[in-house]
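Have a look at the structure below, then the notes.
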Amino acid sequence: SKDHGKTLTDRNRLRSRFNLLITNIDKSVVPLKDIYKLYQVRWQIELLFKVWKCTYGINRVHKMNKYRLRCLLYAKLILLLVNGMIINQINALIYQPTKRILSVAKCHTTLFIHIAETISNLCNKTNKGLLFFKSIAQMLSRNHDLEKRKNRQSIIDVIQLFACKSNN
């Protein structure tokens, strides 16, 4: 609202504090207290699809031969997977000692900007390639943190919670 020159009324501010979640999941499968946590995981998936569309343009195609379209789609999906693997590795290195999580959206955007260098260095098995990935890791860890809200678990904590419950 502030960005558009509008102020939030007290009534709307009060409404914005509530979320209405409707589900058909039985309480015996997922307890009521865990529904919101499950929704957080779902929201992360939605954000990932947004990255696919906004950063990689996976939804933007023009008229072309179906074989060319397949190649283009496969190339974009491979790029998503490679960048995702890079982000996951850097996230794992950072999370263990600091409990910080990187924003997947911010990281994908940065890696997409540096795509030519990334591809070139993936094929380069010299120290130059290793130095490039160290510099990317430092850049992402410096200014790509996921914004943490007060009194909320990280998405990693939520996923681990459900993983532990499913193993029991």
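The values are calculated or read from the model by the stated rules, or taken from the named source; none is laboratory data. Everything numeric here is computed off the predicted structure, so don't read it as measured data. Using ideal geometry, Cβ is built from the backbone for each residue, glycine included, and neighbour counts are taken over all protein chains shown. Heavy atoms of the whole protein, side chains included, go into the accessibility calculation; ligands, DNA and RNA do not. Shrake-Rupley method; radii C 1.70, N 1.55, O 1.52, S 1.80 Å.
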Review point. What number, in percent, do you get for the relative contact order of segment 1-139 if the mean sequence gap of Cα pairs under 8 Å and at least 6 apart is divided by its residue count?
Key: 17 percent
Check your understanding: How big is the accessible area of Thr7 in square angstrom, nearest 10, if you roll a 1.4 angstrom probe over the protein chains?
Key -> 130 Å²
Practice item. Would you list the P(r) distribution for segment 1-125, with all Cα-Cα distances sorted into 10 Å bins from 0 and each bin expressed as a whole %? Key: 9, 25, 27, 25, 12, 1
**Study point:** Tensor-based shape of segment 67-138 (alpha-carbon gyration tensor, a/c under 1.5 rounded, otherwise prolate or oblate)
**Key:** oblate
Practice item. Tally up the carbon and sulfur contribution to the accessible surface of segment 89-140 as a whole percent, 1.4 Å probe, everything protein left in place. Key: 65 percent
Exercise for review: Distance from a point 7 Å along Cα→Cβ of Leu21 to each backbone N in segment 27-71: keep the residues under 18 Å and list them by number.
Suggested key: 27-48
**Study point:** Mean-position separation - Cα centroids, segment 91-146 and segment 7-56, in angstrom
**Key:** 29 Å
Check your understanding: Using the reciprocal of the averaged 1/r over all distinct C-alpha pairs, how large is the Kirkwood radius of segment 49-107 in Å?
Key -> 13.0 Å
Point to revise | Coil-residue trypsin sites (Lys or Arg not before Pro) of segment 29-68, DSSP, other Cβ within 10 Å capped at 13 | key: Arg60, Lys63
Study note, to complete from the structure: A correct Karplus calculation of ³J(HN,Hα) over segment 104-110, with 6.51 cos²θ - 1.76 cosθ + 1.60, θ = phi - 60°, whole Hz and x for Gly and Pro, returns 4, 5, 4, 5, 4, 4, 5
Review point. Taking R0 as 41 Å, what's the FRET efficiency between Lys66 and Lys99 from their Cβ-Cβ distance, rounded to 0.05?
Key: 0.30
